[in-house]
């Protein structure tokens, strides 16, 4: 099912890849999604979210309210079990990504599956987030590390 709030604004070039029952996509009120994004459900996007151009959002992602994604952000839940010697990329799985309310994810950030980013965080441009980020924290780098705590 595709559930888009009446006042959400989604560029016509955005690909919302869904299938009723197991690949649902919901988009909250007043959300804006700019050109070139590709979203493969199941994905939940809250209210007042801004997604800049060319975002890549994979199954099992949940964005809270008032989240901002910079251009070229990749939220990649896809991974593989480690296979045997003949094929190390074993069975595919999707480890969920959760982004808390009010978080800002900068340009070209990659977040890998299994990560929860708390509310009120800032993820610096170009970071690769491989571990959970506590509420009200600024992180950056490859891999992302804590730069400082932010005032509430």
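Only the coordinates and a few stated rules stand behind these numbers; no lab work does. Here the structure is a predicted model, which means the values were calculated and not measured. Glycine also receives a Cβ, built like all others from the backbone with ideal geometry; neighbour counts cover every protein chain displayed.
So if I average 1/r over every pair of distinct C-alpha atoms in the stretch 39-96 and take the inverse, what Kirkwood radius in Å does that give? The partial results should precede the final answer.
Numbers: mean 1/r = 0.0789 Å⁻¹.
Hydrodynamic radius (Kirkwood, Cα only) of the stretch 39-96 equals 12.7 Å.
Return a whole-number percent for the relative contact order of the chain, with Cα pairs under 8 Å and 6 or more residues apart as the contact set.
13
Of 82, 123, 45, which has the largest mean-square fluctuation in a 10 Å C-alpha GNM of the chain?
Of 82, 123, 45, the Gaussian network model singles out 82 as fluctuating most.
So how do 110-121, 58-69 stack up, highest first, on mean other-Cβ count within 10 Å?
In descending order of packing, they fall as 58-69, 110-121.
With a 10 Å cut-off between alpha carbons and a GNM built on the chain, which of 85, 18, 94 moves the most?
Top of the fluctuation ranking is 85.
Can you compute the modelled spin-label distance between residue 38 and residue 23, with each label point 7 Å from Cα toward Cβ, in nm?
Result: 1.2 nm between the two label points.
Let me know the shape class of the chain, please: from the alpha-carbon gyration tensor, a ≥ b ≥ c as square roots of the eigenvalues, rounded when a/c is under 1.5, otherwise prolate if a/b is greater than b/c, or oblate.
Oblate, since a/c reaches 1.5 and b/c is not below a/b.
Kirkwood Rh over alpha-carbon pairs of the stretch 78-118, then Stokes-Einstein at 20 °C and 1.002 mPa s: what D in µm² s⁻¹, rounded to an integer?
Once the numbers are plugged in, D ends up at 177 µm²/s.
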